[in-house]
1. Enter the angle in degrees (range 0 to 90, nearest 10) between the Cα long axis of helix 2-23 and the first principal axis of the Cα atoms of the chain, meaning the one along which they spread out most.
2. When the dipole is taken about the Cα centre of the stretch 2-185, and only Lys, Arg (+1) and Asp, Glu (-1) are charged at their Cβ, what size is it in debye, to the nearest 20?
3. For the chain, find the longest principal axis of its Cα atoms and tell me its angle to the long axis of helix 84-98, 0 to 90°, nearest 10.
4. Over the alpha-carbon set of the stretch 38-106, work out the extent along each principal axis and list the three values in angstrom, largest first.
5. Near residue 183, within a Cβ-to-Cβ distance under 10 Å, what is the net charge of the other residues, with Lys and Arg +1 and Asp and Glu -1?
6. Once the principal axes of the Cα atoms of the stretch 92-148 are found, what is the range along each, listed largest first in whole angstroms?
7. Among [x] 1.12; [y] 1.61; [z] 1.24, which one is Cα Rg over 2.2 N^0.38 Å computed from these coordinates?
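What follows is calculated from the coordinates using simple rules that are stated; it is not laboratory data. Here the structure is a predicted model, which is why all the values come from computation and not from measurement. Because the Cβ atoms are built from the backbone with ideal geometry, glycine has one as well, and the counts that use them run over all protein chains shown.
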Amino acid sequence: MKKIIYIILLFCYTITVGQNEEFNLIKLDSTWGQEVLRFPARDMDYIGVGDIRFPPEGWIKPTHTFYWSYTYAWSINVNRKITTKELEIDLEKYFNSLNKVDVNDKTDKRIATATITKKKRKKTTTYFEGKVATFDRFATNKRFVLNVKIESNYCKKSKKTVILFTFSPKDFKHEVWETLNKIKLNNTFCK
């Protein structure tokens, strides 16, 4: 009987550890808050997982340096490189869903718009920058613009794409980007 209980506990532990690794896409310490989700989510039909990380303080405080500055990674079953147009559409869907916007109501002033530009490509990684005009329903109830940097990694062997987003309303020259630019994916993200 003890042997059976031990085997069941070992099995449960293995499943739990595997799930935690699956959601730990971003290399950050435990002071950063974490929210995880499974795709399909946020009106996107991808299959995969999302790992959202918030700075230790200030994310929702309009006067704080880290206001709306955060990172988000997707590991999705897309067996090809993601295009600029897809990223624009996906970001619009994400923010519209986050803000509970009815996209069929064209008079809704909270509808998100995104503009993304490809900056460079290195082997299987493509880098993008852009802007997302969206709505802050958490603190100010006003429209604002988020600057975004995107690192899109095509994992040919595992037939998936892993994307790292970093967001902030601060200009790319602002000191907050010194922290955001250092955020990296975990080394095992393509497995």
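1. Roughly 20 degrees between the two axes.
2. So the dipole magnitude of the stretch 2-185 works out to roughly 740 debye.
3. Computed tilt is about 90 degrees.
4. Largest first, the stretch 38-106 extends 39, 31, 22 Å along its Cα principal axes.
5. After counting each charged neighbour, the total is +4.
6. In descending order, the Cα extents are 41, 24, 15 Å.
7. Looking at Cα Rg over 2.2 N^0.38 Å for this model, the match is [x].
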